[in-house]
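The values are calculated or read from the model by the stated rules, or taken from the named source; none is laboratory data. Predicted model, so just to flag it, every value in this text is computed and none were measured. Glycine gets a Cβ as well: all are built from the backbone with ideal geometry, and neighbour counts include every protein chain shown.
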Amino acid sequence: MLIKAVKGREVPSKGLPMDVGVVVQNVGTALAVYEAVRFGKPLIERVVTVTGNGIKEPKNMMVRIGTLMSDVIEQCGGLGDGAVKVISGGPMMGFAQWTLDVPVVKGTSGILVLAEDEYVSSDQYSACIRCGSCIDVCPMGLNPSILSIYSEKGFYEDAKANNLFDCFECGSCAYVCPAKRPMVQFIRLAKSQVKP
């Protein structure tokens, strides 16, 4: 989406930015490359945002790679009352953590701690009502509802045939879904079951 907005070039289906002569780097990666080339410094730390209504003292912190999430959360005053879920990453594309004894890695940009009042359990969803909201917001022009239904039913090859691998799991579809369907999780499942 960024390439299309800035350069007017469209990455082809199943393609990469290099296919249209573009390299996309985030600021953190650009800084890490500069420090490695200029100073010989390996990637040993990164800025991590710790936030959410379930954390006592939200902060942006410079954290060493390998530091346990439990230690990072402790530096932020610990979990608040009513904390129910910890997500590595953001609310749209992050991954729920089963334990806090996992390290911060080079891709850890944030730790989101959800409180009870802002958490919707993945078992509280209902059948797709065919409203089309997910289709309207999909930046890739996909039909996320059909991809998630195929995955839910185990029809992974059918999902693949409907451009499964064009989805970059932004989470917009799940965010707007009135049935609260975990579409991104279904799409990730389908991707894990078939080869590109």
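Structure data summary
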{"item": "Spans of helices (runs of 4 or more DSSP H) in segment 1-78 with at least 2 residues closer than 30 Å to Asn162 by Cα and among the β-branched types (Val, Ile, Thr)", "result": "2-7"}
{"item": "Failed item in (1) at pLDDT 90 or above; (2) closer than 30 Å to Ile65 by Cα; (3) not hydrophobic (A, V, I, L, M, F, W, C), with Gly132 passing the rest", "result": "(2)"}
{"item": "Verdict on Asp136 being surrounded by fewer than 13 Cβ atoms within 10 Å (Cβ to Cβ) and closer than 30 Å to Val63 by Cβ", "result": "no"}
{"item": "Any hit, segment 98-116, residues being modelled with pLDDT of 90 or more, among the acidic types (Asp, Glu) and closer than 19 Å to Glu169 by Cβ", "result": "no"}
{"item": "Some residue of segment 63-84 being small (Gly, Ala, Ser) and in contact with a Gly (Cβ under 6 Å, 6 or more places away or on another chain)", "result": "yes"}
{"item": "Failed condition for Asp81, given (1) touching a Lys or Arg at 6+ places or on another chain (Cβ under 7 Å); (2) at pLDDT below 95", "result": "(1)"}
{"item": "Selection status of Val23, modelled with pLDDT under 95 and surrounded by fewer than 12 Cβ atoms within 10 Å (Cβ to Cβ)", "result": "yes"}
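Conditions (1) under 30 Å from Asn26 (Cα atoms); (2) within 19 Å of the chain's Cα centre (by Cα); (3) not hydrophobic (A, V, I, L, M, F, W, C), marked per residue:
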{"position": "Asp71", "(1), (2), (3)": "yes, no, yes"}
{"position": "Asp101", "(1), (2), (3)": "yes, no, yes"}
{"position": "Val105", "(1), (2), (3)": "yes, yes, no"}
{"position": "Ser109", "(1), (2), (3)": "yes, yes, yes"}
{"position": "Ala127", "(1), (2), (3)": "no, no, no"}
{"position": "Leu142", "(1), (2), (3)": "yes, yes, no"}
{"position": "Tyr156", "(1), (2), (3)": "no, no, yes"}
